[in-house]
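Peer 1: One structure follows; several queries about it will come next.
The values are calculated or read from the model by the stated rules, or taken from the named source; none is laboratory data. Keep in mind that this is a model prediction, so the values were computed, not measured. Virtual Cβ from ideal backbone geometry, glycine too; neighbours counted across all protein chains shown. These area figures cover heavy atoms from the full protein model, side chains too; ligands, DNA and RNA do not enter into them. Shrake-Rupley method; radii C 1.70, N 1.55, O 1.52, S 1.80 Å.
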Amino acid sequence: MNGHGTDVRQKALTLLRSGAKNADVARTLQVPMGTIGYWKHLDLARRGESPGRHDPKCPRCDGRDLDEPAYSYLLGLYLGDGHISHYSEHRVPNLMITCTESWPGLMNDCEQAMQAVFPDNSVCRVRKTGCRNVKVYSKHLHCLFPQHGPGKKHERRITLAPWQQVIIDAHPWEFIRGLIHSDGCRITNWTTRMVAGERKRYEYPRYFFTNVSDDIRRLYTDTLDKLGVEWTHCTRNGNPFNISVARKASVALMDAHVGPKY
């Protein structure tokens, strides 16, 4: 059973038969798009109108072209705020990236990257309190994100497959941007100095990246090293989970390729 009443299902089928898109029906009725697609498939099959099997190709299994810059960005988002799950009532797993409502531009970038990596699959947004989950369903998610596994990311080993490292090396700024957009920020710090006997306030920008996983932080700092960006550990309450970029030249590099969230 899928947990949705027959009234909701019938409303969905009525909308679908009138020509509404799966994503619009899912958003209107607050039902996962995978469920809407499954209901539509069964309805078409019962009426003898089921089309040929939808079987999008995979870059890893079938050699389909992969938008590597988009993938590098999406991988950064996944390692920060994303996870893969497989609901019992759905035929395939889903990748979900949680995006706060405060950054609509980031949400758009996430959706565009997800659609570029999975051009033959539908991408949807599911509204939650204060945020939206950007989602895509695909049976090839584990092929493209081999870091998936049981438990939380910081409780298991996270390493890149050789083919992933090749992509990150070719598109490092996209990867850094994805990590910052998920678990990072650009802030303005301030301090005071005595100048000619007068205390003056100075402000300066700074980037932070915070992640509990030692492996994910290492992927971030290793990529910064290759880009010539200087960074430091910023331990808070005894926890070394924060990476700071504060030197002027390095912040300028980050500003040129990443910038603040929007």
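For every residue, the table says whether it meets (1) open to solvent by 70 Å² or more (accessible area, probe 1.4 Å); (2) more than 18 Å from the chain's Cα centre (by Cα).
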| position | (1), (2) |
| --- | --- |
| Ala170 | no, yes |
| Trp173 | no, no |
| Met194 | yes, yes |
| Glu198 | yes, yes |
| Pro205 | no, yes |
| Asp214 | yes, yes |
| Tyr220 | no, no |
| Gly228 | no, yes |
| Asn242 | no, yes |
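Peer 1: Let me ask something else about it. Look at Ser102 and say whether it is in a loop (DSSP other than H, G, I, E, B), surrounded by fewer than 14 Cβ atoms within 10 Å (Cβ to Cβ) and under 17 Å from the mean Cα position of the chain (by Cα).
Peer 2: Considered against the rule, which asks whether it is in a loop (DSSP other than H, G, I, E, B), surrounded by fewer than 14 Cβ atoms within 10 Å (Cβ to Cβ) and under 17 Å from the mean Cα position of the chain (by Cα), Ser102 comes out as yes.
Peer 1: If Asp255 satisfies every condition in (1) under 12 Å from Ile180 (Cβ atoms); (2) open to solvent by 40 Å² or more (accessible area, probe 1.4 Å); (3) in a loop (DSSP other than H, G, I, E, B); (4) of a type outside the set (Phe, Trp, Tyr) but one, which is the exception?
Peer 2: For Asp255, the failing item is (3).
Peer 1: Identify all residues within the stretch 70-99 that are more than 23 Å from Leu219 (Cα to Cα) and either touching a Gly at 6+ places or on another chain (Cβ under 9 Å) or buried (at least 18 other Cβ atoms within 10 Å of the Cβ) (or both); write none if there are none.
Peer 2: Scanning the stretch 70-99 gives Tyr87, Glu89, His90, Arg91, Val92, Pro93, Asn94.
Peer 1: Out of the stretch 204-233, which residues are modelled with pLDDT of 95 or more, under 27 Å from Glu155 (Cβ atoms), among the aliphatic types (A, V, I, L, M) and touching a strand residue (DSSP E or B) at 6+ places or on another chain (Cβ under 8 Å)?
Peer 2: Leu224
Peer 1: Still on this structure, please answer the following. For the stretch 128-197, give me every one of the helices (runs of 4 or more DSSP H) that falls completely inside it and has 1 or more residues that are closer than 24 Å to Phe208 by Cα and at pLDDT 90 or above.
Peer 2: Where helices (runs of 4 or more DSSP H) fall fully within the stretch 128-197 and carry at least 1 residues being closer than 24 Å to Phe208 by Cα and at pLDDT 90 or above, they are 162-170, 172-183.
Peer 1: Inspect the stretch 106-119 for any residue being under 22 Å from His148 (Cβ atoms), modelled with pLDDT under 90 and in a loop (DSSP other than H, G, I, E, B) and give the result as yes or no.
Peer 2: Among the residues of the stretch 106-119, not one is under 22 Å from His148 (Cβ atoms), modelled with pLDDT under 90 and in a loop (DSSP other than H, G, I, E, B), which makes the answer no.
Peer 1: Can you pull out every residue in the stretch 16-36 that is among the polar types (S, T, N, Q) and surrounded by 16 or more Cβ atoms within 10 Å (Cβ to Cβ)?
Peer 2: Asn22, Thr35 - these are the residues of the stretch 16-36 that are among the polar types (S, T, N, Q) and surrounded by 16 or more Cβ atoms within 10 Å (Cβ to Cβ).
Peer 1: Residue check: is Asp109 open to solvent by less than 50 Å² (accessible area, probe 1.4 Å) and closer than 16 Å to Ser72 by Cα?
Peer 2: Yes; evaluated as a whole, the condition is true for this residue.
Peer 1: For the stretch 132-140, check the following and say yes or no: at least one residue is closer than 16 Å to Leu219 by Cα and surrounded by fewer than 19 Cβ atoms within 10 Å (Cβ to Cβ).
Peer 2: No, every residue in the stretch 132-140 fails to be closer than 16 Å to Leu219 by Cα and surrounded by fewer than 19 Cβ atoms within 10 Å (Cβ to Cβ).
Peer 1: Before we move on, is Arg236 modelled with pLDDT under 80 and loosely packed, with under 15 Cβ neighbours inside 10 Å?
Peer 2: Yes: the conditions hold for Arg236.
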